[in-house]
1. Yes or no: region 2-15 includes at least one residue that is in contact (Cβ under 8 Å) with a residue 12 or more places away in the chain, of a type in the set (K, R) and either assigned to a loop (DSSP other than H, G, I, E, B) or surrounded by fewer than 11 Cβ atoms within 10 Å (Cβ to Cβ) (or both).
2. Can you report the number of residues in region 24-60 which are among the β-branched types (V, I, T) and under 13 Å from the mean Cα position of the chain (by Cα)?
3. Scan region 17-53 for residues that are modelled with pLDDT of 95 or more, outside any strand (DSSP E or B) and surrounded by 15 or more Cβ atoms within 10 Å (Cβ to Cβ) and jot them down.
4. So which residues in region 2-33 are touching an Asp or Glu at 6+ places or on another chain (Cβ under 9 Å), small (G, A, S) and under 17 Å from D110 (Cα atoms)?
5. If I go through region 57-107 residue by residue, how many of them are of a type in the set (S, T, Y) and under 21 Å from A30 (Cβ atoms)?
Amino acid sequence: MIKNIEEFEYQKVDAGEGVYISVMISSDEAPHFAMRKFKIQEGGFMPYHTNTVEHEQFVLIGEAKVVIDGKEFKAKKGDILFIPTGVPHSYENIGKGDYEFLCLVPNIKDEVKIVER
């Protein structure tokens, strides 16, 4: 299978503000992992939350304040993030323009829970 990044449409993520997701390789297409692309618009954010699956992420463009388990990081183009299962995390676009990243997750049921920081 070969796809082009320009083929995909974004869907709004209700939990955040200015957050969009595009599923590039779905759980129906690959047996073990799904690949998604997230876009957080300038000034947008995804609140502090947990997932029941781990995340492997690669930042494509932009800058964001990322909080992982209470520790703040500045993520930028070229950075790689690992977020273990159940660890609270959040994103806030602090740059000019969009913050975009690829996110790979295992093909198991994921539950998102918003948590207090």
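The values are calculated or read from the model by the stated rules, or taken from the named source; none is laboratory data. In this text the structure is predicted, and so the values were computed from the model without any measurement. Here the Cβ positions follow ideal geometry from the backbone for every residue, glycine too, while neighbour counts run over all protein chains shown.
1. yes
2. Of the residues in that region, 4 qualify.
3. Listed by number, the list holds a single entry, V53.
4. The one that is touching an Asp or Glu at 6+ places or on another chain (Cβ under 9 Å), small (G, A, S) and under 17 Å from D110 (Cα atoms): S22.
5. Number of matching residues: 1.
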